[in-house]
1. Scan R123, R88 and give me the residue that is closer than 20 Å to R38 by Cα and not aliphatic (A, V, I, L, M).
2. Please name all residue pairs, on different chains or six or more residues apart, with Cβ atoms under 6 Å, provided the first residue is in the range 247-273 and is on the phi > 0 side of the Ramachandran plot and the second residue is open to solvent by less than 20 Å² (accessible area, probe 1.4 Å) and part of a strand (DSSP E or B).
3. Filter the range 156-186 down to the residues that are of a type in the set (A, V, I, L, M, F, W, C) and open to solvent by 30 Å² or more (accessible area, probe 1.4 Å), then identify the one that is nearest to L10 (Cα to Cα).
4. When only residues in the range 29-50 that are among the aliphatic types (A, V, I, L, M) and over 12 Å from A99 (Cβ atoms) count, which is most open to solvent (accessible area, probe 1.4 Å)?
5. How many of the residues in the range 53-67 are surrounded by fewer than 20 Cβ atoms within 10 Å (Cβ to Cβ) and touching a Ser or Thr at 6+ places or on another chain (Cβ under 8 Å)?
6. Suppose we keep only residues that are touching a helix residue (DSSP H, G or I) at 6+ places or on another chain (Cβ under 7 Å) and assigned to a helix (DSSP H, G or I) within the range 131-148. Which one would you say is nearest to P213 (Cα to Cα)?
7. Under the condition of being open to solvent by 50 Å² or more (accessible area, probe 1.4 Å) and part of a loop (DSSP other than H, G, I, E, B), which residue from the range 268-285 is modelled with the highest pLDDT?
Amino acid sequence: MSIRTAFATLQAISPRLAAHAALPLFRRVGPRLPVHPRDKATHDGARRGGITVRGHRVTTYAWGDGERPILLVHGWRGRASQFAPLIRELRSEGHSVVAFDAPANGDSPGRRTHVLDYSDAIRQLERRHGGFGAIVAHSFGLPSAVASVVDGVDTDRVVGIAGVAEPAHLLQQFGRMLGLSDETKSHLRRLFEQRVFPRHPGIVDRYSALLNPLPPEMPLLLIHDRGDTIVEPSQSQQLHAVHAGRSTLVLTEGLGHRRILSADVTLDAVMAFVPGADSPMPEHVRLL
């Protein structure tokens, strides 16, 4: 019996029971992403450190030691080394870079993680480095990055690559993958908030960048592939609309959810956007 068939049978009996069965699967990070061979030299060349995030030891990375570094925030089942091509580009232009592996990701121990872990790590790195020239976040890392800036983390601008605009989208995508009914997904959302965040009611909406946009005048760059099957491009399109007048949206073709991180179009767009860039957005970057 397939997992979709099992959940179809279970939710026909009780959507509430199906939600309880789905919760452990939704919280699971999955197997750790290894360092890609092409990224190993950059990964190994970092200055390593550590912070304690909500009781978990988290590995941190730094390249360079200048003021207001660029902070990189990876996504679900990701790791800092995924940004290696961008790190090399930033370093070649004299920028310092900092990053971390969230709990249960990369080189950080643990079995689970969530948005509060990401936010705590961002805040601790801000205290350590005194603010950021920019925060660049991929996928699941974007809601925590935006929420952190809304809460006062000091940065000059924000970049979202294949970013999630609101955690509720992840619940919808997960539910679609398992074939969950709307009723089961509603139960799953309530159960997720009650079980995982009993002291933080309404946390799904709290981390919605659509309901809680960046502070006025904060520049935003969004890069998303039209064919992304993990996070729908409509997430970036909605964020772009919410931040009208201060947002730049770049839509790509054929790069998917992860390859977009190392694509030339992404690197060129980010390098033209970060503080200190002295050139306009390259003409070959398709803007919307």
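The values are calculated or read from the model by the stated rules, or taken from the named source; none is laboratory data. Computed from a prediction, not measured in an experiment: that's the story for all the values here. As a convention, Cβ positions derive from the backbone with ideal geometry for all residues, glycine included, and neighbour counts pool all protein chains shown. Side chains included, ligands, DNA and RNA excluded: accessible areas come from the protein's heavy atoms. Shrake-Rupley method; radii C 1.70, N 1.55, O 1.52, S 1.80 Å.
1. Just a single option satisfies the conditions, and that option is R88.
2. G256/D225
3. Result: M177.
4. Here the answer is A41.
5. Total meeting the criteria: 7.
6. A147
7. So the residue we want is G276.
Residue by residue, here is whether (1) within 20 Å of Y118 (Cα to Cα); (2) out of contact with any Phe, Trp or Tyr (no Cβ under 6 Å at 6 or more places or on another chain); (3) at pLDDT 95 or above holds:
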position: A21; (1), (2), (3): no, yes, no
position: P31; (1), (2), (3): yes, yes, no
position: H36; (1), (2), (3): no, yes, yes
position: A41; (1), (2), (3): no, yes, yes
position: T60; (1), (2), (3): yes, no, yes
position: L72; (1), (2), (3): yes, no, yes
position: G78; (1), (2), (3): yes, yes, yes
position: L90; (1), (2), (3): no, yes, yes
